[in-house]
Amino acid sequence: MKIHRVMGAMVAVLFVALFIVTSSSPVHAQATAQPAEVKEDETNLDTQLFLIVATNQPVNDEKLPASLDNVVKQLRAALPFKNYRLAATLINRVKNEGRLDLSWIGGPLASTTSVGLSSAVTPSFSQFKVRQVRLVKSASGEQLVQMLGFNFGARIPIQVGPVAVNGGVPATNYEQTGLATDISIREGEPVVVGTLNVGPSGDAIILVVGVKRTSR
């Protein structure tokens, strides 16, 4: 009888131990399966695109923003143009590692006085894209802004026929011009990205870009 009692007690203890193990295992598995919380980068960047027209034609106002003083000094030393005018300034906000894509209609980017075109009836069509804008560190630890898939394009009106006797609009064709590249620039420092010659007047479009982190 004692042996049977001992065996019964041992079996009861085994059942209790098995119940405890099986009931606690799912709780343990659930606790270890919780993923680590990943914080999203909320840094925003302000991009500035300046379209500067370099020309030998007279311009009404040669004054450019003070932030472009160093750029203009470089241009005057490197390019044989008498005057520079600001054709457009585009400021856009983009998230770090985000993309940018915009299109707009503006006045002719080339000088209209030399080709007889009116800005009211012959606008230009432009597009600016960046596949990705992101903050990176150089090998020396300097903070840079990388712009992958930088792409600027414009359709420029070019006069191909004489002006009508009654003062109508001359025959005009739209020609495509543009630039595509990948660049890295210093944060907050506008730089020249490229130069595009446009129109029979010999004018040039100069692309200047700057990027800096927003204050909030």
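The table below gives the values:
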quantity: Formal net charge of residues neighbouring N151 (Cβ-Cβ distance under 12 Å; K, R +1; D, E -1); calculated: +1
quantity: Local electrostatic count at R186 - Lys and Arg +1, Asp and Glu -1, tallied over other residues with Cβ under 11 Å; calculated: -2
quantity: Too-long pairs where the Cα-Cα distance tops 23 Å, listed order kept, from K129/K212; K82/K129; K95/K212; calculated: K82/K129
quantity: At R0 = 30 Å, FRET efficiency that the Cβ-Cβ distance of A77 and N173 yields, to 0.05; calculated: 0.30
quantity: R0 of 30 Å, Cβ-Cβ distance K63-E189: FRET efficiency to nearest 0.05; calculated: 0.90
quantity: Estimated FRET transfer efficiency when R0 is 25 angstrom, pair E42-T89 (beta carbons, to 0.05); calculated: 0.45
quantity: Kirkwood hydrodynamic radius (C-alpha pairs) into Stokes-Einstein, region 44-213, 20 °C and 1.002 mPa s, D in µm²/s; calculated: 125
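Read the figures in this text as sums done on the coordinates, not as results from a lab. Keep in mind it's a predicted model, so treat the numbers as computed, not measured. Methodologically, a virtual Cβ is constructed for each residue, glycine included, from the backbone with ideal geometry; neighbour enumeration extends over all protein chains shown.
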